[in-house]
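Step one of this worksheet: look at the structure below.
The values are calculated or read from the model by the stated rules, or taken from the named source; none is laboratory data. Nothing here was measured: the structure is a model prediction, and the numbers come from that model. Cβ atoms come from the backbone with ideal geometry, glycine included; neighbour counts cover every protein chain shown. Side chains are part of the model used for accessible areas, which takes the heavy atoms of the whole protein and leaves out ligands, DNA and RNA. Shrake-Rupley method; radii C 1.70, N 1.55, O 1.52, S 1.80 Å.
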Amino acid sequence: MREIVLINITGEDRPGLTAAITGVLAQSGANILDIGQAVIHDTLSFGILVEIPSNAEASGVLKEVLFTGYKMDQQVRFTPVSEQEYAAWVGGQGKSRHIVTLLTRQVTAEQLHAVSAITARFGLNIDHIDRLSGRVALGADQSRSKGCVEFSVRGEAEDPAALRAEFLSVAQALNVDIAFQQDTVFRRNRRLVVFDMDSTLIEAEVIDELAKAAGVGEQVAAITERAMRGELDFRASFKERVGLLKGLSESVLADIAAQLPMTEGAETLLHELKRLGYKTAILSGGFTYFAKHLQAKLGFDYVFANELPIVDGRVTGEVVEPIVDGQRKADLLRELAQREGISLEQAIAVGDGANDLPMLSIAGLGVAFRAKPLVKQSAKQAISTLGLDGVLYLLGYRDREGE
């Protein structure tokens, strides 16, 4: 009669261990039903579920496995599995899978406890935990360090909205980001990333900088802030702000473009996305002049923004239709996806303002980056703790895979 046995091996990681153990099992004609291995700080945890055929003497096979492990300074444990238990395990493979991603400057036990406790409370089982971020030296500057732990969980939460709300609440309390997304083939096959520009790719609102140069900084900044919070219609606020720029000298634009501060992680993110073959685009409610400047610097494939009419070296204060507002951004995302021959599930959208919500909502992965509370609560995912390159972690990217 065949036997099903789970073999767990722990000890100092050694080259050739897997070959030695599977070599013993191969002599008995054993079938491998499941296998997994992890190494943490040179300590191995190796599990292998085997079916030992009826024509082999199971006790002899396991004795040889035990002896082989002993010779390699490993601890070996055997757990018999009934055919009923195995059948139940097989039957559970159709359950939904999700990825929970913890983003933080410094990973702590409190953070991991909070995430794991919430998943357990909502009936989700953790199958696998992996650190995606690189190794951090003791005493490293935490203001620029990066920590990311990814949980693969199985099951279906009865109330997904309540689960997300609890993740968001804990994230705010602990100053971390917690992303929760379904683990589908699309998650591993994104092809297009579109970005807002102001306060996303750059740490500034260009129109506010232009307004300061025009002497109307406080007026425009107040309108911008209300528009980003969703308190004002973007189109109306945009026309009002541009009107206040009338008469501004064209020479100011080049000076401002040269001094725009890049957002933390923006250059790393764009470099890696291009290296991995992604198409990238700027969809901005700001101005084409500055978006083109970023395109030349970072290599964006597409740029869509608003024109800033200039006559006789002066800003006219007028706007050119169509204005790139929230709905226009969503429409452009659809057009780009169609042009690239991909589904919207394969698109990523990143932005910070209320006018970004339409594109964030239709993208397969919508990320509110350092966003206002209303936007953060409405978007599928949010990153506030790390830089823009934190988006890579949501794709399952590991730091060691970078150049």
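Things to note:
- Any hit, segment 183-200, residues being in contact with a His (Cβ under 9 Å, 6 or more places away or on another chain) and touching a residue at least 12 places away in the same chain (Cβ under 8 Å): yes
- Residue match in segment 228-240 (condition: without any contact (Cβ under 8 Å) to a residue 24 or more places away in the chain, on the phi > 0 side of the Ramachandran plot and either among the acidic types (D, E) or surrounded by fewer than 20 Cβ atoms within 10 Å (Cβ to Cβ) (or both)): no
Residues checked against (1) in contact with a helix residue (DSSP H, G or I) (Cβ under 7 Å, 6 or more places away or on another chain); (2) open to solvent by 20 Å² or more (accessible area, probe 1.4 Å):
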| position | (1), (2) |
| --- | --- |
| L244 | yes, yes |
| E250 | no, yes |
| M262 | no, yes |
| G265 | yes, no |
| T268 | yes, yes |
| K279 | yes, yes |
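- Inter-residue pairs, beta-carbon under 9 Å, first at pLDDT 90 or above and in segment 125-139, second open to solvent by 80 Å² or more (accessible area, probe 1.4 Å) and in a strand (DSSP E or B), 6+ apart: D127/R97; R131/I40
- Taking first residues from segment 64-75 that are in contact (Cβ under 8 Å) with a residue 24 or more places away in the chain and partners that are open to solvent by less than 100 Å² (accessible area, probe 1.4 Å) and assigned to a strand (DSSP E or B), the Cβ contacts under 6 Å between residues at least 6 apart in sequence or on separate chains come to G69/I9; G69/V76; D73/G11; Q74/I9; Q74/G11; Q75/T10; Q75/G11.
- D255 meets the conditions (1) over 18 Å from E205 (Cα atoms); (2) at pLDDT below 95; (3) not polar (S, T, N, Q) in every case but one. The failed one is (1).
- Applying the set (1) touching a helix residue (DSSP H, G or I) at 6+ places or on another chain (Cβ under 7 Å); (2) of a type in the set (A, V, I, L, M); (3) farther than 12 Å from L210 by Cβ; (4) surrounded by fewer than 18 Cβ atoms within 10 Å (Cβ to Cβ) to V320 leaves exactly one unmet item: (1).
- Subset tally (residues that are within 18 Å of the chain's Cα centre (by Cα), among the polar types (S, T, N, Q) and at pLDDT 90 or above) for segment 158-188: 4
- Filter pass, A26 being of a type in the set (A, V, I, L, M) and over 28 Å from V149 (Cβ atoms): yes
- Residue in segment 163-184 that is among the aromatic types (F, W, Y), part of a loop (DSSP other than H, G, I, E, B) and open to solvent by 10 Å² or more (accessible area, probe 1.4 Å) present: no
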